[in-house]
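Before any comments, here is the structure.
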Amino acid sequence: MKRNIILTLIIVCSFIQITSAQNKIKNSDKPVTITGKVINPDNRPVSGAVIYIDNVRTTNITKADGTYKIKVSPSATNLEVRSSEFGSCKTPINNHSVINFALNGAGGIASLLDDKEKEQPNDDADNNPKGPKAKKMNTYNDIYQMIRGEVTGVVVTGRSLQIQQGHSFFGAGSPLLVVNGGIVQSIDNINPLEVKSIKVLKGSAAAIYGVQGSNGVISITLINGSDKAK
């Protein structure tokens, strides 16, 4: 009797192990969905760009708004987008579920986002700050393009910045530039991917900088920095 019970337990355990192994194999073969957007140097959507997986052309192309959606094998390693007009860009997938591309004709920039980052809300709201999660939803060639695309109330002309107030400009000249709480002369070398938030300060908020802040203040916090301009 004991022998039969032991034998039955062994059979049940073996069945559970086999079923578990089969489920793992089945789950590992499940296709992974990747979505994203492709933009050109002017931050406009690129339509008709072809998606490649591990150097193999797929039938997927970007839509009129530059977006795409594709299912890939879990074993796929690289995702690439190619446009006859704006060039191409390739990046490792690395378990990311959202991959955006900024094409500039000579390579490009890929911005990667995973499911947790995609679902996390952006809590920054005061003075139109842009947190790192929101920023990763877009890619930019330089900091000025990022300010133009992300910050309202700032007119960007080349590398010249002016803060608007209503239908007129706030002050007559360029705003004061502050990075991680310190006043700087230029923001030319800031990589958009390193930016945590951008805030526009004017009126009483800019008064802490005295006369220097009379044309308003653009305060930038980098991901590894701390914003002292409150």
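With each pseudo-label sitting 7 Å past Cα toward Cβ, what's the Ser186-Ile61 distance in nm, one decimal?
The two pseudo-label positions are separated by 4.2 nm.
Output wanted: per-residue J couplings in Hz (rounded whole) for the range 156-163, from phi through Karplus 6.51 cos²θ - 1.76 cosθ + 1.60, θ = phi - 60°, x for Gly and Pro.
Computed from phi, the couplings for the range 156-163 are 10, 10, x, 10, 9, 10, 9, 8 Hz.
If packing is taken as the average count of other Cβ atoms within 10 Å, what order do 33-39, 66-72, 54-60 fall into, highest mean first? Mind showing how you got there, number by number?
Values: 33-39: 21.0, 66-72: 17.6, 54-60: 11.9.
Taking the mean over residues of other Cβ atoms within 10 Å, the ranking is 33-39, 66-72, 54-60.
Under a plain spin-label model, where a point goes 7 Å from the Cα along Cα-to-Cβ, how far apart in nm are Asp54 and Lys30?
Inter-label distance under the simple model: 2.0 nm.
Compute the FRET efficiency between Gln212 and Asn43 as 1/(1 + (r/R0)^6), taking r as their Cβ-Cβ distance and R0 = 25 Å, and round to the nearest 0.05. Don't skip to the end; give the middle numbers.
Values: r = 31 Å, r/R0 = 1.22.
After rounding to 0.05, the efficiency reads 0.25.
Report the calculated FRET efficiency for Thr77 and Asn104 (r = Cβ-Cβ distance, R0 = 30 Å), to the nearest 0.05.
On the way: r = 24 Å, r/R0 = 0.80.
Approximately 0.80, to the nearest 0.05.
Bear in mind that the values in this text are calculations on the coordinates, not laboratory data. As the structure is a prediction and not an experimental result, all values here were calculated from the model. FYI the Cβ positions are ideal-geometry reconstructions off the backbone, even for glycines, and counts take in every protein chain you see.
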